[in-house]
Every structure is written in C-alpha cells, then in structure tokens.
Amino acid sequence: MGVSRFELEVSSPFCLGLTVWALRRRAHNAIDTWDGTWYRRTVVLGGRPVGLAVRQEPDDGRARSVLVVEVRAAGSAPDDAELTEARHLLEQTLGLGVDLSGFYSLVERDRRLVPLAHRFVGMRPPRLPSVFEALVNAVACQQLSLTVGIHLLTRLARCYGPTLPGRMNAPAGFPTPESLAGADPPHLRILGFSHAKARTLTLLARRVASGDVDLVGLEDLDDKAAVAALAELPGIGRWSAEYTLLRGLGRWHVLPGDDVGARNNLRRRFGLAADAGYDDVADLSRSWSPYGGIVYFHLLLDGLDRAGKLGDGWELADDGEPERAREPSSAPVGRHRCGEVA
C-alpha cells in the first residue's frame, strides 16, 4: 500500500462535519463515510482506485482552517498528477472555494434565516464529484424516501463501484458510467430498483460511457438550457434536473421547486401556503437569490438535527426510521463544535 499526504487550507468559518453531513444525508451512506473525525471516499484517480481520507485540524482561532488529507492506493504511492486530481476533487466536493460572505450578509437582512445560518456556520455547499453521480442519485431517490434511496445507492456502489484491495478501511466507490453500463437490469431489480429505474440507469450509463451524452458540456449552458438538455434523458424530469443542477453542477442559487420535503419545511419555517406549488417555491427562493440552494442545504441539516440525528461531532446512528426524503425542519439552538478532533 502506498500513502501520500498533503494539507488543504480553507477560509474560516469552515466545518468539515457539517459539510460532510450535507453531502451524505444519512448515516447508512457507505459511499461518503464519516466517523466524527475522518471523512472517507474511494475514487478513481489516474485510472486506479484510491482512498481519500480527510480530517480537520483544530482551528485555534486561525483565519484559515487546515485539512489533512491522506491518499492511499494499492502498490505505489499516488504520484503528483494523482494528488493534483485529488486536490481538485476535494475542493469541488467539499465546496472549499465557495465564498458565502454574501449569504451571511443576506442573513442579516432576512431575520428568518438567522437561526439556520447561525446554527450551521461553517457548512459549505457540497457537490457530488460528477454530474453522472448526481443523476444516478436523483433516479435512486425519485418517489422514495431519502432513507431508501441511500440504501439503493450503497448497494449499487458495493456491487459496481471501485474498491481497494486488502484492509485499507476504504468504502466502496461510486460506479463509473462504464461499470454501470454493463449492469444487468434484472440484477438491479434484485438490489431494489424498480423496472423503470433499472432501465433508466443502464440506458443513461451506456449513453454516457459511449459519448452519446456530454454531461461535462452542461457546465457551459444556462439553467434553462441545462434543464431542457437533462429532461431529454430517460427518466429525468424537472425535479431530477434541478437536483442535478444543484448537487452535480454546483449552481447554489437553485432550490428544486418540486421538492416535497423542501416545500414542507418552507411551510413550517417561512409561512409558505399549504397549497403552494412550484411557482410559489420559486418566488420565495428568488427572495434569497443567489443563495436558494444554500438555504436548501441548511434546511437539510436542520431536519437531521430536529430528528435528533445530528449529534455532537455529527456522528449519527442509523436507527432505520423511514423518513420521507428531503424533509428538513426546525430544531433548537445547536451545540456543535467545529475543528475539534475526537
């Protein structure tokens, strides 16, 4: 086993634990793992599986937080090119370069946001490593509870994702389009996917793997054009497209208007009418422009905390409670610490 290490600096305030929870969403997420100190994920760098492990050094009042990163691979230690790729991936996935000063200024003008923003200071908006992964996440969670959707994604990773040999304490990685393109739809049914979802996943993976679909090119499209392009893919509707804009393309102004959980929590916290529809959510989100998606992530953390699943150190026990997907709500003033190593 080869190991390389480096450090990343990120402007304060930053909290690795809160950011990881916004990324992983549920404790049984075995792709993005968190033990209260280390965040771990297996990815493919330089054509081979590697394990990433990240922890945050105690802040000690410094203006910048320090993240310690370990990169592990079978055989030789990761080279400079692989380490550069690892840096870029972590910067994107953990939102390290996102400037939220404008959001915090907005909070001071909208007192309804104060309890959320103050309780979860340091959360950066996470972004899944690829648009393909965001799309597969959307398909898995369509019309299901988030708890069930995460179970499906974990099973998918364990069957089709990259793995590290031996005892490297690394989770299974997310499947590449090439690996999922070869999946047998009946086997995906065994994993728990419906017939329609199994067909959608294999068709999507095959089209991406063959180059028929250019997901990278979505970066150059505006929101309307990107949603239209995504909606042409099998099994992708408006919610899945907007979810992909937020979690896959890092468009932090997007709050998915068809998100049932988000609507429920907007009713509880911001007085959204009981019969409010997509346009009403969009109008409310525009009042927070360009930070509607940032509010979405805060509501997600709020829901975890309100359900008693976001404890000190953000270590969360999976009690198997069948919660509805994307249903954050209110919680008492928080008690969490950041930058402390357990």
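Modelled with pLDDT of 95 or more and either touching a strand residue (DSSP E or B) at 6+ places or on another chain (Cβ under 8 Å) or among the aliphatic types (A, V, I, L, M) (or both): is that true of Ala117 in this structure?
Against the criterion (modelled with pLDDT of 95 or more and either touching a strand residue (DSSP E or B) at 6+ places or on another chain (Cβ under 8 Å) or among the aliphatic types (A, V, I, L, M) (or both)), Ala117 does not qualify.
If you check Ala81, Ala53, which single one turns out to be in a strand (DSSP E or B), of a type in the set (A, V, I, L, M, F, W, C) and modelled with pLDDT of 95 or more?
Matching residue, one of Ala81, Ala53: Ala53.
In this structure, is Ala86 assigned to a helix (DSSP H, G or I), modelled with pLDDT of 95 or more, among the small types (Gly, Ala, Ser) and more than 21 Å from Arg24 (Cβ to Cβ)?
It is false that Ala86 is assigned to a helix (DSSP H, G or I), modelled with pLDDT of 95 or more, among the small types (Gly, Ala, Ser) and more than 21 Å from Arg24 (Cβ to Cβ).
Taking segment 99-111 on its own, how many of its residues are outside any helix (DSSP H, G or I) and crowded, with 19+ Cβ neighbours inside 10 Å?
1
Which of the residues spanning segment 257-280 are part of a loop (DSSP other than H, G, I, E, B) and in contact (Cβ under 8 Å) with a residue 40 or more places away in the chain?
Asp259
What is the number of the single condition among (1) part of a helix (DSSP H, G or I); (2) touching a residue at least 24 places away in the same chain (Cβ under 8 Å); (3) crowded, with 21+ Cβ neighbours inside 10 Å that Leu128 does not meet?
Here Leu128 meets the rest and fails (1).
Does Asp80 qualify as being without any contact (Cβ under 8 Å) to a residue 40 or more places away in the chain, surrounded by fewer than 22 Cβ atoms within 10 Å (Cβ to Cβ) and over 26 Å from Val136 (Cα atoms)?
yes
When you scan segment 247-256, do you find a residue that is without any contact (Cβ under 8 Å) to a residue 60 or more places away in the chain, outside any helix (DSSP H, G or I) and aliphatic (A, V, I, L, M), even just one?
Yes, some residue in segment 247-256 is without any contact (Cβ under 8 Å) to a residue 60 or more places away in the chain, outside any helix (DSSP H, G or I) and aliphatic (A, V, I, L, M).
The values are calculated or read from the model by the stated rules, or taken from the named source; none is laboratory data. This structure is a prediction, so every number in the text was calculated from the model and none was measured. With ideal geometry, Cβ positions are generated from the backbone for all residues, glycine too; neighbour counts draw on all protein chains shown.
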